[in-house]
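A.B. asks: The structure's right below; bear with me while I get my questions together.
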Amino acid sequence: MILDHRKALVVYSGGQDSTTCLFWAKQHFDEVRALCFRYGQKHVAEVDIARRIAQQAGVPFEERDVTFISQLSTGCSLTDSNVLMDKEPPAPSADTPDGRITPPNTFVPGRNLFFLSIAAVYAREHGIMNLVTGVSQTDYSGYPDCRDSFIRSLNVSLNLAMDEQFVIHTPLMWIDKAETWRLADQLGVFDLVRHQTLTCYNGIPGDGCGECPACKLRRRGLEKYLKTRKNN
Ligand code: ZN
C-alpha cells in the first residue's frame, strides 16, 4: 500500500483539543479526513458536534462504533453511570517518583491504543500516511496513553504491524491548555473552538458545566490565555 504524505487522518472527538488539531491538520496537509469513535461514552452528543464541526471545516467525517472498549473494564466514570466522577484533574504531584501514575476515574483503559490502531488501519485503507491526535503530556490529566513515550512506541508498533510508514502527529504534546487556545487563535478558530466544541464530561458544549475536571482544566487555560491575548 502506498501511503500519501499529503494526506492526514485526525482522530476527532469534537472537543477543544482535537478540533484545534483538525484545523492544524488542514493547514499542514492537502487532504484531511476526520474519524470519530463511539466508545460507550455517556454523552454521545459529542459525535453529533464533531460531525457538525467537520462539515463546517469541509472535512470528510466518519464514525465507528467501538463500544466494546468500555465493556472491557469497569470503574470508568465516563462510561459507567454508577461511578461518580472525580472532581479535580489530578495535580502533577500525583505522579509517583518511579514515574507511575494513578489515573483518575475518567480514564478509559486502552482508549487511545484502540483509537489510533483502528485509525491506522483506516488510514492504510485510504492511503493516508499521517495520523493526528490531540493528546498532550503537558496537561495530560493523568492518562498514561496521552504521554509522548506511548505515542512513539505505538507509532513504531503500528509500522511494524502493517509494514507501513505511518507518522503520528501530536501538535499539542508539549503545550498546555492556554497555549492550545493560542494555537486555535492563530489558526483563526478561537471563537469556533470556544463556542462550538464539547469538552465537558457532563455533555454541555462551549464553556460547559464549569464543575467537571475537563471544564476546570479548559477554563483555567482559557483564563490564562485571555490575560495575554490582545484585543480581547
Ligand atoms: Zn463540565
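A.B. asks: Wrap a convex hull around the Cα atoms of region 91-232, take a quarter of its surface area, and give that in square nanometres.
C.D. replies: 10.0 nm²
A.B. asks: Counting only C-alpha contacts under 8 Å and six or more residues apart, can you give the relative contact order of the chain as a whole percent?
C.D. replies: 23 percent
A.B. asks: A further question follows. Give me the net charge of residue 200's neighbourhood, meaning all other residues with Cβ under 11 Å from the Cβ of residue 200; Lys, Arg count +1, Asp, Glu -1.
C.D. replies: Its environment carries a net charge of 0.
A.B. asks: A further question follows. Could you tell me the relative contact order of region 109-215? Use alpha-carbon pairs under 8 Å, at least six residues apart, and round to a whole percent.
C.D. replies: 20 percent
A.B. asks: Still on this structure, please answer the following. Given 170, 142, 155, which one lies farthest toward the positive end of the charge dipole of region 120-232, if we put +1 on the Cβ of every Lys and Arg and -1 on the Cβ of every Asp and Glu?
C.D. replies: 142
A.B. asks: How large is the charge dipole for the chain, taken about the Cα centre, if only the Cβ atoms of Lys, Arg (+1) and Asp, Glu (-1) carry charge, to the nearest 20 debye?
C.D. replies: Charge dipole of the chain: 540 debye, to the nearest 20.
A.B. asks: Using amide H atoms built 1.01 Å from N in the peptide plane, name the residues 5+ places from residue 106, or on other chains, whose amide H lies under 5 Å from its own.
C.D. replies: Under 5 Å from the amide H of residue 106 lie the amide H atoms of 77, 86, each far enough along the sequence or on another chain.
A.B. asks: A further question follows. In µm²/s, what is D for region 162-213 at 37 °C and 0.692 mPa s, where D = kT/(6 pi eta Rh) by Stokes-Einstein and Rh is the Kirkwood radius from Cα pairs?
C.D. replies: My calculation gives 252 µm²/s for D.
A.B. asks: Still on this structure, please answer the following. Enumerate the amide H contacts of residue 128 below 5 Å, restricted to partners 5 or more residues apart or on another chain; note that Pro and chain-start residues carry no placed amide H.
C.D. replies: 4
A.B. asks: How large is Rg/Rh for region 27-71, to two decimals, with Cα atoms and a Kirkwood Rh?
C.D. replies: Value, to two decimals: 1.05.
A.B. asks: Of 26/230; 7/230; 42/216, which ones are farther than 23 Å apart at the Cα?
C.D. replies: 26/230; 7/230
A.B. asks: Per residue, how big is the convex hull of region 1-150 when only Cα atoms are used? Give it in Å³.
C.D. replies: 121 Å³
We did not get these values from a lab; they are worked out from the coordinates using the rules stated. Predicted model only: the values in this text are computed from it and were never measured. No Cβ is skipped: glycine too gets one built from the backbone with ideal geometry, and neighbour counts run over all protein chains shown.
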